[in-house]
Each structure stands twice: as C-alpha cells, then as structure tokens.
Amino acid sequence: MADDTTPPRSESSAVSHLAQLEDRLARIEAHLGLAAEATPASSPATLVPSAEATAAPLPATGPVQQEADDLELEVGQTWFARVGIFVFALGGGFMLTLPYPQLPAVVPPLVGLAAAVALFLMARIGEKSFELVASYLRAAAMALLYCATLRLFFFGSPAALSITSPFAPVLLGLAVAVNVLLALRRHSQWLMTLALLTGFGTTLAVGSAWWVVTSLTIMAALSALTGARQNWPAVTITGSVLTFVTYALWAVGNPAHGGTLHYVTGPLYAPVFLLLYIWGFAVMPLLRPAGRDEPMPAMVNAIVSCLLGYTVFLLHTAAGFPKFFVLLQVLASTGLIALAVAFWMRHHSRVSTFLYAMTGYAALSMAIIKLAPSPEVFVWLSLQSVGVVTTAIWFRSRSIVVANFLIYVAIVLAYVVVKDRETGISLGFGVVALGSARILNWQKHRLELKTEMMRNAYLLSAAFVFPYALFHLVPAHLVGLAWTGLATIYYVLNFVVRNRKYRWMGHGTLLLTAAYLIVAGGRQLSPLWRVTSFLALGATLLIVSLVFTRLRHHEHDSHHG
C-alpha cells in the first residue's frame, strides 16, 4: 500500500528545480560580491540537496584577472599591430634599397609606389573598424611613398634618375608635400613629425647649397607655424632640432650623401640663414599673448636655439669662413641680444632672456678673441663684463650677474695662465671688479637682491687682484709700501662712499702686508728698505687705530648725548 506521506513525483521535481535556482542565485551573488541572504530553515533548498549545490564554485575574476586581460589586449591588439606594421614597412624599405640589376631601374620604385598606394587603400577601408591599425598603415604608406620616390635617385645600378637633375627636388618635394597634407588632414602630430623627417631627408638627399637653404627655410617655417596653429609644441621643437642637425650634416660635407668629411666654405649667406632660423623659431613664442608666465615649450625652444643652433653656427663660421668670422659673430651677437631685449620687454621672460642674452655676449666674446691679440684681448673681455652687468640690471636678471661673474673669474685665471709678464692688465681687472660692485650696489633695488653675495664676490676679487698686480709690477723692495698705499686707498674709499666693506678690504691688505714683510723682509729686502717698509706699515696701523678709536668715542658720545 502506498505511503500517503510520500510527495508526488511532480512535487519532488519542483522542489529540485527551486533548489537549483537558489544555488545559481547564490553563486551569482558571490561572483558579484554581494552578501548572500540566509536561507530559511524551511526553504526547499534545505529539504532537497541538489547535485549542483555540491559542485565546485565558479573561479573568481577579480582586479588581477582584469589587469591581465587588459595587458593581453594591449599587447595583442596595439603592440602587435605597431610592431607588425613597422616590420612590414622596414622590410619594404630594405626591399627598395636592393640593386636588382636584372630589372629596369624604374621597376623597383613603381613596385614601392604600388605598395604605398595599397597601404593607403587598406587604411582607408579599415579606418572605421580598425582605427588604430589604420593609422599605423597610413604611416607605413607615407614612409614607403617617400622611399619609393627616393629609389628613383639612389640604390639602383644605375639609378633611374640622377639626383643632380631638375626632377630630383621636384619629385622628392611632391612626396614630402603629400605626406604633410595627409598629416594635416588627419590632424596627427606624429604623422606630421614623420612628414618633417622626410622633408629634412630630402634636404640632405639633394644637397646643393641653394636647395639646402631653401628647403631648410621651408621646413623650419612649416614646423614653427604648424606647431603654433595646431598647438603642437613637440612638432616645433622637433623641427628646430632637425633644422640645426640637418644644417650641421650639410656643413661637414653631407656624409649621409656619401661625401667626405670637410667643412663647406660657401656660400657666405648660408650661416646667415642659420641665424634667421634661430630668429624664426623665436618668433612664435615671442608673439604669444603678453604675460609673465613663460611656458615650458618656449624655454625648450630657447635652449635648443642657443645651445644647438649657435654651436653649429660658431663651428661652421670658425672653420668655413675665417675671414668673415668677426663680422658674422657681431651679427649673431646683435641678433641674439635683440631677441633677449624683445623677450624681456614683451614677457619679462627669465629663462629665454637669460639664454639669448648670454649667447649673444658669447658671440661678442668670440669676435673679441678673434680680433684682439693676447694679452690685450683680456682687457676688452673684462670691459665687456661691465657691459653685461649693466644689461643684467636692466633685465633684472640675477642669473646673468652670476654667470657674468663666473666668466670674469675665468678671464682672470686665463690671463694668469697665458701671460708672459705682467703689463698692468691685472690692475684693469681690479678696476672692473670695483666698478661692477659699485654698479650692483647702486642699482640693487632693480635686481631685487636679497643678499650682497655677488657684490662681496666682486670686492673679494678686487682684494686679491690688486695685490697680485702690484706684486708683479713694482720692484720687490717696494711691494710692502705699495700694499700699504693700497690699504690707505681702501680706507679713503670707505669714508667717501660710506661702505664699511672697503674698510675690511683695507684691514685685510694691511694684514697681508705685515705677513709679507715678516716672511720676506729679513731675506729679500736691504736694511734700508726693510726699515722703511716696517716704519710705514707701523705708522699706518697706528693711524688707523687712532682714527677708528676716535670714531668709536664719537659714536658713543652721540648715543649718550
């Protein structure tokens, strides 16, 4: 007889189905990180356990698994596409450099051109579905287009056309123009950089002087204008670097063209155009809206122009145009200092003003070194130092003051090393140091100096230079008297300008004199000059002591009166 308490078959199946649903919901909640609700004791899941309830849980896919998936996608989709297309383009470029003597010379360039057109079509067709891959295909097509055009003039045995023919600049220029238009149409900064590379490559490929000047002018203007209008500072900076590097390669004989290493000695207008490129790359940063903020691209542009551009100019003019070196350096100095003035007046720029000014003064120093013989050249260089300090005050540039002082010290040390005998030039160094210190003290409010470090540095230099000069200029038995007289002059200056620094310079000079007489007086001086020197020094020390004792009493009485 059937047991009445046994549930019917359909009821058992429903309970099992409910248990499976409960189990699935629990697993979904666990996967989503949600807290699973407690299962009531009377729920069907507790009555009838299912096979799936005892099954292994699903593996958790947390942040680590997600990062691994993203990395795999980045490598598989992006980097494989980049590397694959780069390798394909590189292979096509290598293919175009092989000689193929069994084929007509025009066939390899046509094959390369066809490959470039095919890549352009593939990029056009796949730009909606595979935008990233399409951009890389387009870059590869631009590179192959240029390489195919270049193959018309190189790598063949013989080449289809001569690089010296009128077709060379026309055809290569058309390939570059197509690349530039494609980059602008796609609003792509890195495609524009690729187009610039092909343009500067064309400059070296043709290699004639008139073409180098013309091509570099076009490419420099293109990179400067495009960078400014499209807000692509990297394009402008890349263009400036490529301009100066391309000029340098041409100036040393264009070894990339197969030429021997030598400095090009003409035409004279070539280095002048190099100065125009420096000016051209400075125009856009100069014409930005007036203000005191100096953006980083403007500073980088000034660094490239001054360090790279002027260095190329200096080396080429020194090696290739020695007869016109002074004239060209003066021209460079005038243009660079004018840029410094323009940047200061329009933007109160610190970095650009400093760089253009110091590079301009460096060009003037090169002209002086070439023009004046040694040791007179050191006189002119030291006088230039005073002019630099004056303009530094106008520019309110402490950086120029510091740099100028270091240059001044280098000039003094160089003179000490190279001189044959002392002719009094060291006295000029001391006068320059005192004059620079007075100018800085007079206009210290314009420099906004918070310390007197630079003035003290110039005064300390004078305190060493003057005794050094007198030691070499006067006879040995008069050195002590000369130094005593120098100390007296310092004390007089102290009362005239009311600056106690001169008083301390006098103290130091007297102590130096005493040390010198004690060490050298007994061995190098005759009895007469030994006695005279010691008496003069002792009298000076007593007078100084009495004067300052009198002054101290006067100050004490005025405070208590």
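The values are calculated or read from the model by the stated rules, or taken from the named source; none is laboratory data. These numbers come from a predicted model, not from an experiment. Ligands, DNA and RNA are excluded from the accessible area calculation, which covers all protein heavy atoms including side chains. Shrake-Rupley method; radii C 1.70, N 1.55, O 1.52, S 1.80 Å.
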Checklist outcome for this item: HN-Hα couplings for the stretch 320-332 via Karplus (6.51, -1.76, 1.60; θ = phi - 60°), in whole Hz with x for Gly/Pro, come out as x, 9, x, 5, 10, 4, 4, 4, 5, 5, 5, 5, 5
Item to check | Nonlocal amide H pairs with residue 349, under 5 Å, H built at 1.01 Å | outcome: 344
Checklist entry - So how much slack lies between residue 184 and residue 209, counting 0.36 nm per residue of separation and subtracting their Cα-Cα distance, in nm? => result 6.1 nm
Item to check | Cα shape, the stretch 268-387, gyration tensor, a/c 1.5 rule | outcome: oblate
Item to check | 1.4 Å probe accessible area per residue over the stretch 278-381, in Å² | outcome: 45 Å²
Checklist outcome for this item: Diffing the stretch 457-474: the Karplus 3J(HN,Hα) column from phi (6.51, -1.76, 1.60, θ = phi - 60°), in whole Hz with x for Gly and Pro, holds 5, 5, 5, 5, 4, 4, 5, 8, 5, 4, x, 4, 5, 5, 4, 8, 8, 9
Item to check | Of all accessible heavy-atom area on the stretch 377-499, the percent that carbon and sulfur account for (1.4 Å) | outcome: 70 percent
